[in-house]
Amino acid sequence: MSEQTGSIQGMLAANLKRARTLNGLSISELSRRSGIGKATLSQLESGNGNPTIETVFSLSRALQMPVSDLLDTRPPGGVTVVRSQDVEPLSGEGVDLRALRHIRSENTTFEVYDQQFRAGHRQRSHGHAGTEHTVVQSGRLEVTVDGYEVELGPGDYVGFDAALPHSYLATDGPVRSVLLLQYRAGQPAGDGTPHSAA
């Protein structure tokens with residue numbers, strides 16, 4: 001059994017450069033596809049950048065790969081313990097995400113995140129590939145998906161097609177939840193169009 005730690009900057013730097021090279025993309029072309037500046041991409045590949053949720057999801061879409069392939073270096077198999085406090089958060093306007101694990105089978109890839117929302121800050125997404133599953137652990141969470149709004153409390157679950165525009169808002173204090181992103185085999189992780197957030 002092993003416990004895994006690692007820097008988001010370091011993991012992203014190695015995985016981003018490898019993915020860009022395997023796709024035969026220059027930094028200029030990846031910049032065009034992702035909407036991220038060339039200087040920022042160069043910093044990210046050198047491990048000196050400060051990636052946000054929006055940046056990582058834009059790269060996921062541009063490279064058509066799961067977010068976990070950009071952030072995870074943990075080997076499959078065996079017993080892996082990941083301590084949330086040891087994982088550097090990926091932050092957005094209203095949320096801190098900690099990538100805990102990705103699980104790949106023949107037909108499906110799952111990405112598991114510890115998801116913590118800050119009170120009063122809406123986290124928006126124009127949509128991305130996959131199916132999004134959230135289970136609230138503590139607090140009250142307002143979820144809006146393509147105009148449909150629902151409020152969740154501890155133990156409640158919501159799932160939806162993540163390609164739809166969606167947002168989250170912690171309504172009366174911080175919210176702790178688990179996010180599971182599910183990708184079907186052969187489903188691209190995006191269309192290269194820059195969007196914001198998870």
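Numbers at a glance
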{"item": "Bins of 10 Å from zero: percent of alpha-carbon pairs in the stretch 1-156", "result": "9, 37, 36, 17, 2"}
{"item": "Over the chain: helical MRE at 222 nm, DSSP H runs n ≥ 4 each giving -39500 (n - 2.57), nearest 500", "result": "-7000 deg cm²/dmol"}
{"item": "In degrees, nearest ten, helix 8-22 long axis to first principal axis of the chain (Cα)", "result": "50 degrees"}
{"item": "The chain: angle of helix 53-63 to the longest principal axis, Cα-based, in degrees nearest 10", "result": "50 degrees"}
{"item": "Amide H contacts of R101 (H built 1.01 Å from N, under 5 Å, at least 5 apart or other chain)", "result": "V112"}
{"item": "Reference-scaled alpha-carbon Rg (2.2 N^0.38 Å with N residues) for the stretch 86-184", "result": "1.02"}
{"item": "Prolate/oblate/rounded label for the stretch 2-71 (Cα gyration tensor, a/c 1.5)", "result": "prolate"}
{"item": "Candidates R176, R33, R83: whichever shows maximal mean-square fluctuation once the chain is modelled as a Gaussian network with Cα springs under 10 Å", "result": "R83"}
{"item": "Total charge dipole magnitude, the chain, about the Cα centre, Cβ charges on Lys, Arg, Asp, Glu only, Debye to nearest 20", "result": "620 debye"}
{"item": "Estimated distance in nm for a label pair at D156 and T108, the labels positioned 7 Å out from Cα along Cα-to-Cβ", "result": "2.4 nm"}
{"item": "Positive-end residue of S105, G147, G94, charge dipole of the stretch 86-184 with Cβ unit charges", "result": "S105"}
{"item": "Residue among S58, S105, S84 with the largest mean-square fluctuation in a Gaussian network model of the chain, springs linking Cα atoms under 10 Å", "result": "S105"}
{"item": "Considering only the chain, percent of DSSP beta bridges that pair antiparallel, nearest 5", "result": "90 percent"}
{"item": "Student exercise, the stretch 2-71 dipole from Lys, Arg, Asp, Glu Cβ charges, in Debye to nearest 20", "result": "280 debye"}
{"item": "Net +/- balance of residues flanking E93 in space, Cβ distance below 10 Å, scoring K and R +1, D and E -1", "result": "+2"}
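We did not get these values from a lab; they are worked out from the coordinates using the rules stated. All values derive from a computational prediction rather than experimental measurement. Every residue, glycine among them, receives a Cβ derived from its backbone with ideal geometry; neighbour counts consider all protein chains shown.
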